[in-house]
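Chemist: Dropping the structure in here first, questions after.
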Amino acid sequence: MGTCKRCGQCCQDVRLAEPPELLKKAYEYWRKSAEVDPGFSEIYLIYPMLVFKYENASEDLPYHYYCKHFTRDVDGSPGCSIYEIRPRMCKEFPYYDEVTHLNRDEPLSPYDGCGYNEE
Ligand code: SF4
Ligand code: SF4
């Protein structure tokens, strides 16, 4: 099993299946509703931290975003400014045990050179 090499790609190029319009709509709905389980809708809680970059319709995860919390340590290495409270999708990347539709035979991470794609 590979490990994170701290290249920073997945924070500078967060890739999702959801377009920004859907994230915004769901986020605004969640904010107004006391009935939505934040655990269920966590994907939508990340809307405020993402900046939409571009869409590539030919990819499985076509929507690319930049995370506002991406930072660099004093030595220049990539880091997360909210590391202790980062969303679950960041903590669990790229395993997502509860996501059943993922093809586990394919590389775990969509990022070239990601340490998690190594043995
Ligand atoms: S792309 Fe992979 S190796 Fe690079 S920071 Fe993200 S998890 Fe770590
Ligand atoms: S919250 Fe932190 S770990 Fe998650 S994408 Fe942003 S910078 Fe990366």
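Chemist: To test your reading of the geometry: what angle, between 0 and 90 degrees and rounded to tens, separates the Cα axis of helix 20-32 from the longest principal axis of the chain?
Modeler: Orientation of helix 20-32: about 50 degrees from the principal axis.
Chemist: Within 10 Å of each residue's Cβ, count the other Cβ atoms and sort E118, E35 from fewest upward. Provide the component values of the computation, followed by the final result.
Modeler: On the way: E118 13, E35 6.
Ascending Cβ contact count within 10 Å gives the list E35, E118.
Chemist: Name the residue from H64, G115, P94 whose Cα lies farthest towards the positive end of the charge dipole of the chain, charges +1 on Cβ of Lys and Arg and -1 on Cβ of Asp and Glu.
Modeler: In the chain, that residue is H64.
Coordinate-derived values only; no laboratory data. Note that the structure is a prediction, hence the values are computed from the model and not measured. Using ideal geometry, Cβ is built from the backbone for each residue, glycine included, and neighbour counts are taken over all protein chains shown.
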